[in-house]
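The values are calculated or read from the model by the stated rules, or taken from the named source; none is laboratory data. Just so it is clear, the structure is predicted and the values come from calculations on it, not from any experiment. Cβ coordinates were reconstructed from backbone atoms using ideal geometry, including for glycine residues, and neighbour counts include every protein chain displayed. Remember, those area values only see protein heavy atoms, side chains included, never the ligands or the DNA or RNA. Shrake-Rupley method; radii C 1.70, N 1.55, O 1.52, S 1.80 Å.
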Amino acid sequence: MRIIGISFLILILEIVMIEQIEITLPSFKRGYHLITDLIEEKLQRLPETGLVHILLQHTSAAISLNENADPSVRYDFETFMNKLVPDNDPMFIHIDEGGDDMPAHLKSSLIGASLTIPITCHRLNLGTWQGIYLCEFRNYGGRRKLVVTILS
Amino acid sequence: MRIIGISFLILILEIVMIEQIEITLPSFKRGYHLITDLIEEKLQRLPETGLVHILLQHTSAAISLNENADPSVRYDFETFMNKLVPDNDPMFIHIDEGGDDMPAHLKSSLIGASLTIPITCHRLNLGTWQGIYLCEFRNYGGRRKLVVTILS
Amino acid sequence: MRIIGISFLILILEIVMIEQIEITLPSFKRGYHLITDLIEEKLQRLPETGLVHILLQHTSAAISLNENADPSVRYDFETFMNKLVPDNDPMFIHIDEGGDDMPAHLKSSLIGASLTIPITCHRLNLGTWQGIYLCEFRNYGGRRKLVVTILS
């Protein structure tokens, strides 16, 4: 019985656990912003292997993985997406909350409001050039909230 | 041994389990439809903390998180996405299944066919304004099937 | 005590575990390519029930679920996405890495660089017509790397 007891202990140490935290981001201006460092700071002591899921709890912003080095990429994102879904387009009927509101909803579903990222060797296992973007589509979006779930 | 036995029991109650159910949605007409309530009804007794993953098993529809209050948002989604990827565009060669078929495939990959949502305090932890959309891109899409996996 | 010991064993067999592997894909030419078989080959002995998460560790390619039968769908994807985000568009300022680079970054965030797929009865539980696409947006993208995490 003692031997069986010890083998249980070993198994339990390898078992998956779920943790959850909330992160309230600082207010960002309209555009694309690298928030990888900001998130990693809040995720101290990551497990050896696992998954992190991040939900942005908003419908007029998005989160995405993209190029983490050259700010001109983020600039071109803003230019392109504003041309794809123009503010104040007369085709929209949902206009009460401002000319940037309906375009923000559309961009949010096109880019997406959640990410899942593997954890390997206690770190977010992103590609060399991958960073986490907060995509702020409103002129005055305010502070955005993330729910982060860690499977470890 | 009795004490060790009890401590195992406590640990096991905190451990992650996987459950899976299938949901067959009613037939929806082309457009964007709130299905949050419909999904929550099927997910009774959610765990305290966890994740729900939803896969839509189709390539001509999508699921997305977006504004859950004003139907004009869903109306504008239909208008915008139909302008972005027009039916019967002569550039398409995949036309045997109708003029709405290839546009539906494209919209499906642009919006996405799966969602992961955190569970907190036994509920889907969506933002105040977030709801789950079924995005039906076909004129007659029929009943769509979801595979729902709950990590708890 | 012996009875309790046996009941622990049964519980532990149902418990979630995390495994991770890396897959380096062969080099694909620009376009949309079915890689379901290639991934399933590497995922031998899947658990009865679970989730597979796949991260593409790149910012100029994407992975997506879409139609797995008719190659004309993948052809139309290439045509449409190139019209949506044209190479060498003069609006872009991030041009040092070639005229296909900034469009590739944009397409990557529009389609997405990760997928989560349910496992049911030891198989990827995709819809009848769903396959996994590698979306190669660069003219010479080279070999792409996936991090695959299995919750089982």
* Asked: Taking the range A:133-152 only, how many residues are more than 18 Å from B:Asn66 (Cα to Cα), open to solvent by less than 10 Å² (accessible area, probe 1.4 Å) and within 11 Å of chain C (Cβ to nearest Cβ)?
  -> 2
* To do: Restricting attention to the range A:24-50, report how many residues are surrounded by 13 or more Cβ atoms within 10 Å (Cβ to Cβ) and farther than 14 Å from A:Leu124 by Cβ.
  => 6
* Determine whether the range A:66-80 contains at least one residue that is within 25 Å of C:Ala113 (Cβ to Cβ), within 12 Å of the chain's Cα centre (by Cα) and not aliphatic (A, V, I, L, M). => yes
* Quick one: A:Ile111 ticks every box in (1) free of Cβ contacts under 8 Å to residues at least 40 places away in the same chain; (2) under 21 Å from A:Ser27 (Cα atoms); (3) in contact with a helix residue (DSSP H, G or I) (Cβ under 6 Å, 6 or more places away or on another chain) except a single one, so which number is it? => (1)
* Structure fact -> Within the range A:68-85, of all residues that are out of contact with any Gly (no Cβ under 7 Å at 6 or more places or on another chain) and among the acidic types (Asp, Glu), the one surrounded by the most Cβ atoms within 10 Å (Cβ to Cβ) is A:Asp76
* To do: Evaluate the range B:30-47: report whether one residue or more is within 19 Å of B:Asn139 (Cα to Cα), of a type in the set (Lys, Arg) and assigned to a loop (DSSP other than H, G, I, E, B).
  => yes
* What number of residues within the range A:106-132 are open to solvent by 10 Å² or more (accessible area, probe 1.4 Å), outside any strand (DSSP E or B) and more than 8 Å from chain C (Cβ to nearest Cβ)? -> 3
* **Selection from the range B:54-105 of residues that are at the interface with chain C (Cβ under 10 Å from one of its Cβ atoms), within 27 Å of A:Phe80 (Cα to Cα), in a loop (DSSP other than H, G, I, E, B) and out of contact with any Ser or Thr (no Cβ under 7 Å at 6 or more places or on another chain)** => B:Val85, B:Asp89, B:Phe92
